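First up is the structure itself, then whatever we jot down about it.
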Amino acid sequence: MDFLMQIATDLVASFHYVMKDADGAELGRTSDQPMTYLHGRHALLPGLERAMAGRSAGDRFTVTLSPQEAFGVTRADSEQRVPISHLRGAKKWRPGMRAVIHTRQGNREVTVVKVGHTMATIDTNHPMAGKTLVFEVEVLDVRKATAEELAHGHAHGPGGHHH
Ligand code: ZN
């Protein structure tokens, strides 16, 4: 049998996935292009990255992630009022739209809840917060990272970073 490289820190892996909620409704999937990432650099959801470790090309598996292992739990104090002028990403805001706000911790993605004349109410929870997620994964390829990928801390090429 051929030696198959197993996913470990500083290796690059490509995979296809289907992401579902706990009821089996599909929430997202890779298209023709697989996802390619550098293992051990927190490129994936924590629970998914843990489940990838030790897999090799051709492996298929299903992993269920608790909200804590995925996008976090829903926080009750997540609604805030901010000046509309602080929202970035669109000119005209409506409830349900995603916006970016600048905070001292960097850019943060939020959901617009209410829009007034000068102030908006935003929800800082991630839209997938509180969700249990099920990933069906097929590993396509595992390879060594290039020196440049290791220096950058991410994978290059199809499914990875382009720059
Ligand atoms: Zn790079």
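Bear in mind these aren't lab numbers, they're just calculated from the coordinates by the rules spelled out. All values reported here derive from a predicted model rather than from experimental measurement. Ideal geometry is used to build each Cβ from the backbone, glycine not excepted, and the neighbour counts take in all protein chains shown.
Taking 0.36 nm per residue of sequence separation and removing the Cα-Cα distance, the residue 117/residue 141 pair yields an extension gain of 3.4 nm. Could you calculate the FRET efficiency of residue 78 with residue 42 from 1/(1 + (r/R0)^6), where r is the beta carbon distance between them and R0 is 22 Å, rounded to 0.05? About 0.45, to the nearest 0.05.
Taken over the Cα atoms of the stretch 1-52, the convex hull encloses 116 Å³ per residue. Derived scalar couplings between HN and Hα for the stretch 32-46 equal 4, 7, x, 7, 10, 8, 8, 6, x, 10, 6, 7, 10, 4, x Hz in order, rounded to whole Hz, by the Karplus curve 6.51 cos²θ - 1.76 cosθ + 1.60 (θ = phi - 60°), x for Gly and Pro. Label point of residue 53 set 7 angstrom out along Cα-Cβ; within the stretch 1-38, amide nitrogens under 16 Å from it belong to 6-13, 38. Mean residue ellipticity at 222 nm, helices only, the chain: -2000 deg cm²/dmol; runs of at least 4 DSSP H residues each add -39,500 (n - 2.57), and the sum is divided by the number of residues. In the chain the longest region clear of trypsin sites (Lys or Arg not before Pro) that are loop-assigned by DSSP and have at most 14 other C-beta atoms within 10 Å covers 1-74. Convex hull volume per residue, computed on the Cα atoms of the stretch 76-155, equals 167 Å³.
Would you please give the FRET efficiency between residue 129 and residue 60, computed as 1/(1 + (r/R0)^6) with r the Cβ-Cβ distance and R0 = 41 Å, to the nearest 0.05?
Details: r = 28 Å, r/R0 = 0.68.
Given R0 = 41 Å and the Cβ-Cβ separation, E is 0.90.
Normalised Debye scattering of the chain at q = 0.10, 0.12, 0.13 Å⁻¹ gives log10 I(q)/I(0) of -0.49, -0.67, -0.76, counting only Cα atoms as equal scatterers and leaving out solvent.
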